[in-house]
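The values are calculated or read from the model by the stated rules, or taken from the named source; none is laboratory data. This structure is a prediction, so every number in the text was calculated from the model and none was measured. Here Cβ is always computed from backbone atoms with ideal geometry, including for glycine, and neighbour counts include all displayed protein chains. Surface accessibility is based on the protein's heavy atoms, side chains included, excluding ligands, DNA and RNA. Shrake-Rupley method; radii C 1.70, N 1.55, O 1.52, S 1.80 Å.
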Amino acid sequence: MQAQGKDQKSAFGNVLRLVAAAAATGVLVAAIALPAVGGAGMTVKSATEELHLLPEELSEPPLAEKTTLLDADGKQFAQFYYENRESVTLDQVADIMKTAIVSIEDFRFYEHGAIDLEGTFRAAVKNTTGGGDIQGGSSITQQYVKQVLVNSAETKEEQRAAIAPTFSRKLNELRYAMAIEEKYTKPEILERYLNISYFGAGAHGIQAASKRFFGKPAAKLNLWEAATLAGAVQNPSGTDPNAGKASRQRLLDRRNTVLDRMRELGKITEQEAAEAKAKKLGFKDTPVPGGCDESAYPYFCLYAQYEMLNNEQFGKTASLRKKQLQRGGLTIKTTLDLKAQKASEKAIKAYVKTSDHPVASQAMVVPGTGAIKAMAASRKFGQNKKKNEMSYNLAADVMHGGGAGFQAGSTFKPFTLLTALDQGMKLNDGNTTGAGYRAPSLSSFRDCEGNRVGDPNHEVRNSSEGGGGFKSLTTGTLNSVNTFFLKLEEKVGLCEVVKTAKKLGIKRADGAKLKEFETFTLGINEMDPVTVSAAYATIAARGTYCKPMAITEIRDRNGKATPYKPKCSQVLDEEVADAATHIMSRVFTDGTMQEVGGIGRPAAGKTGTTDGYTAAWFAGFTPDLASAVSLGDPRGAFKHDLVGVTIGGRYYGYVYGASISGRIWKSSMLGALKGVDPSSFTPVNMSRFGGCSGLCAPPPTRKPGTTDGHGPGNGDEHVVITGDGNGGFMNEGDIGDNSIPVVP
């Protein structure tokens with residue numbers, strides 16, 4: 001009995017202190033209440049001094065806002081969020097919503113200060129004397145303070161402290177509330193409260209909640225919808241409509257409680273309340289897609305996401321960049337071109353099925369800017385292995401959410417070609433090789449650290465297993481002759497070829513150091529389509545390399561925009577690039593893509609079939625757009641090669657670069673460039689690169705009209721010796737600007 005008296009005395013002491021706190025905020029009636037509760041010895045002044053109740057500034061960090069990704073035309077295609085929230089101004093909220101929330105949470109909100117004395121006193125007495133559920137009594141201002149503290153908490157301990165049922169926490173809350181009342185007007189406090197509050201179903205803030213629950217903005221809420229959301233604030237977890245039937249019933253009951261309260265306060269009529277209570281809950285469960293797996297263009301989304309997370313220009317630290325992406329309320333404008341994207345997706349779908357083991361992936365890059373226009377793959381993005389979904393971005397490198405890539409094959413040969421042209425070789429210069437090639441000695445090739453890497457015991461053969469003979473820079477490239485390029489690399493220097501490739505942005509997809517062996521020119525390094533596309537875009541841009549970019553502008557939550565410009569530099573002699581383009585443009589008419597053909601406008605490119613048919617590529621460009629397509633089996637390209645495979649419902653004995661990748665490239669480029677006026681390449685400077693400089697074809701030993709004995713095929717051309725009308729001979733494959741006069 002004595003213990004019970006002490007407990008009751010202590011409880012009423014807390015009530016007294018709360019009353020004194022209320023009085024300190026200017027509630028006059030507290031002075032009347034004090035003697036009755038605490039006796040004549042306790043005054044408002046003494047209670048205030050004892051509790052140190054002075055306004056204390058509350059730190060209000062920006063609320064977590066969702067980040068939106070836009071395509072090049074400003075259309076949203078993805079969003080990221082830590083909390084699904086869209087802050088709005090109070091004039092963007094329906095008046096009935098404001099009335100409903102004030103009616104149920106703090107009906108004297110516009111009349112009291114930081115604390116509602118009547119509500120707090122009534123709740124405190126009821127909680128002290130028992131007789132029902134625990135009552136809150138907190139004003140909207142106090143609730144806002146509590147939400148700020150919870151949202152600001154960085155650790156679980158801080159979160160627990162923000163909601164701890166302690167007297168000290170309540171006093172701190174009051175101090176902050178006093179400062180908030182001095183800092184903001186009542187409408188401003190209500191606006192902040194509506195934006196910070198959690199309503200359940202993953203919806204933070206009134207705008208997100210309105211869209212999530214009813215599929216409409218907060219400005220268009222009606223009476224029964226407003227009452228539903230106002231009811232959800234008290235216990236959003238217990239009334240979460242996604243939690244099941246019982247939770248929905250609790251939310252419905254709570255809605256009706258709000259309507260009854262609004263009727264009691266005279267805010268609505270009896271009839272309006274009855275009609276609203278007759279409505280069903282009406283929860284629409286509007287989807288709120290978040291993250292790249294729910295984006296219409298997940299691979300491009302992934303690239304942009306990782307670019308934001310890994311690039312220091314978007315934030316000094318990784319944690320800051322992640323926080324900005326998830327909570328910053330950013331609007332990120334990207335380079336995604338929906339016409340190009342859809343053209344890529346359509347072309348890939350026509351040749352490779354989502355159920356196929358081999359995967360085709362493609363990237364499109366703009367020469368002169370590095371803007372990535374499209375990024376696609378034949379499989380859907382996701383985690384479901386049973387549905388054959390792809391959980392990473394095959395079109396990109398590891399730094400942008402990709403994998404290890406596939407060996408690039410003969411798409412690397414142009415780097416050796418560029419090196420040779422840069423060193424002064426001409427279009428018709430070349431070398432004579434056999435059907436196979438071995439390094440003459442251990443010192444024939446050295447990497448960029450000076451190490452000997454040539455292996456005389458390793459023989460490289462042409463893919464057709466044909467014979468050798470003389471090949472020029474032109475014919476060796478058009479027919480992708482392995483032995484020719486090994487010998488050419490031996491002449492110009494392995495390290496020089498590696499340096500050329502690096503100038504064009506070449507780096508391994510897995511982020512490891514490039515493998516610098518004699519077979520570098522044959523594409524032994526695993527690559528991704530974005531990197532290869534950017535390298536070929538450099539040739540198209542006459543030697544100007546631009547780092548691939550996916551983000552052009554970031555606008556913060558306050559509307560301040562930060563533009564991001566292309567990062568470009570001249571890395572090749574313009575005329576060297578023109579000469580390489582001149583040769584590579586004939587791939588469609590005289591080279592390994594002649595079965596597929598061109599795209600009806602100036603274009604250049606190179607097929608890439610790897611040793612053992614482990615992967616197949618095609619990379620090419622016009623003056624306006626570059627693209628690369630890879631094809632390989634992500635289960636392991638060496639264990640699962642492209643020999644005797646069925647892809648896209650069609651059987652292939654061997655898959656070459658032109659077989660599928662080349663066709664995807666052609667179809668997608670036709671679609672992406674539809675409606676774009678054709679541009680022309682800069683003509684080659686024939687006074688600099690025409691003819692040969694002493695490395696010409698040797699005199700023929702056969703009579704006119706005979707063949708060289710080598711059959712046609714990928715890796716070895718079919719050559720017929722014919723008279724040139726001037727007493728000499730030339731290779732039929734070299735007719736035109738690149739004809740090679742041969743002395744009989």
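Structural remarks
- For the pair HIS640 and LEU171 in one chain, pulling the backbone fully straight at 0.36 nm per residue adds 162.0 nm over the alpha carbon distance.
- Among the listed pairs LYS316/LYS502; LYS284/LYS323; LYS503/LYS606; LYS349/LYS639; LYS333/LYS387; LYS373/LYS547, those beyond 22 Å (Cα-Cα): LYS316/LYS502; LYS284/LYS323; LYS349/LYS639; LYS333/LYS387
- Loop-resident sites, the range 145-200, for chymotrypsin sites (Phe, Trp or Tyr not before Pro), counting at most 16 other Cβ within 10 Å (DSSP): TYR184
- Solvent-accessible surface (1.4 angstrom probe) belonging to ARG85, in square angstrom, nearest 10: 0 Å²
- Between the range 214-267 and the range 501-542, the alpha-carbon center distance in angstrom: 59 Å
- Note on surface exposure: GLU65, GLU574 rank GLU574, GLU65 by accessible area, highest first, 1.4 Å probe.
- Heavy-atom accessible area ranking, 1.4 Å probe, most first, across LEU70, LEU427: LEU70, LEU427
- Loop-located trypsin sites (Lys or Arg not before Pro) in the range 478-573 whose Cβ has at most 11 other Cβ within 10 Å (DSSP): LYS513, LYS560
- Among the chymotrypsin sites (Phe, Trp or Tyr not before Pro) in the range 228-332, none sits in a DSSP loop with a Cβ that has at most 10 other Cβ atoms within 10 Å.
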